[in-house]
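*Asks:* Can you keep this structure in mind? I'll have questions shortly.
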Amino acid sequence: MKRLIVFIFIAILMLGIAFVKDAMPKAEGYDRAVIISKYAGLGLEGEVVESGNDFYYFVNKNVCESAMKNLSSEKISGVVFYYNNKYNLNYFAKKFDYNLTKKTIVENREVYYGYDKNYYDFRIIDGKKVNFQLAFDGNNWILGYPMIILGF
């Protein structure tokens, strides 16, 4: 009887794991992106810069979309998306269903933090879960998961 219970428990656990999907940042309408990874040689077309333990892949939209579909979340440490000025803050709030928690001014840029429930990674800032950062310089938007790692 104990073996049967253990078997059922393990089967349920394995079934649950089978349905867990790698959660990747979701974005659309961006012009270009930077994919951050601990791994060299991901085979992505574009410029690659190594800094410390990370590799920064500067890619166009098509390459980024392909990478987001084909690479596992363990290979991607973060993504920074670049948008032109055709969008406003309401676009990001509606489109990505974000919970914007804070607005600050950094280097003459509006910077917002928030939490996207569909993205697995997060940091704790001021006691709240944060997993994206959004910055606007008056001309362009930068959206970073989990943060804008490259600067503004």
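Just so you know, all these numbers are worked out from the coordinates, no wet-lab data involved. Keep in mind the model is a prediction, meaning the values are calculated, not measured. Here the Cβ is made from the backbone with ideal geometry for all residues, glycine too, and neighbour counts use every protein chain on show.
*Asks:* Of K69/K128; K38/K129; K38/K86, which pairs sit farther than 25 Å apart, going by alpha carbon to alpha carbon?
*Replies:* Where the Cα-Cα span goes over 25 Å, the pairs concerned are K69/K128; K38/K86.
*Asks:* Taking the Cα centre of the range 50-147 as the origin, how large is its charge dipole in debye, to the nearest 20, when only Lys and Arg (+1) and Asp and Glu (-1) carry charge on their Cβ atoms?
*Replies:* Once rounded to the nearest 20, the dipole reads 380 debye.
*Asks:* Turning to a different aspect of this structure: At a threshold of 8 angstrom on Cα-Cα distance, excluding pairs fewer than six apart, so keeping six or more, what relative contact order does the range 53-132 reach in percent?
*Replies:* Result for the range 53-132 is 15 percent.
*Asks:* Suppose R0 equals 22 Å; then what is the FRET efficiency for E45 and E74 from their Cβ-Cβ distance, rounded to the nearest 0.05?
*Replies:* The value I calculate is 0.55.
*Asks:* For the range 55-119, what D do you get in µm² per second when you plug the Kirkwood radius from alpha-carbon pairs into Stokes-Einstein at 37 °C and 0.692 mPa s?
*Replies:* Once the numbers are plugged in, D ends up at 232 µm²/s.
*Asks:* Here is a further query. P(r) for the range 90-145, please, calculated from all Cα pair distances in 10 Å bins and given in %.
*Replies:* Whole-percent P(r) values from 0 Å outward: 24, 56, 19, 0.
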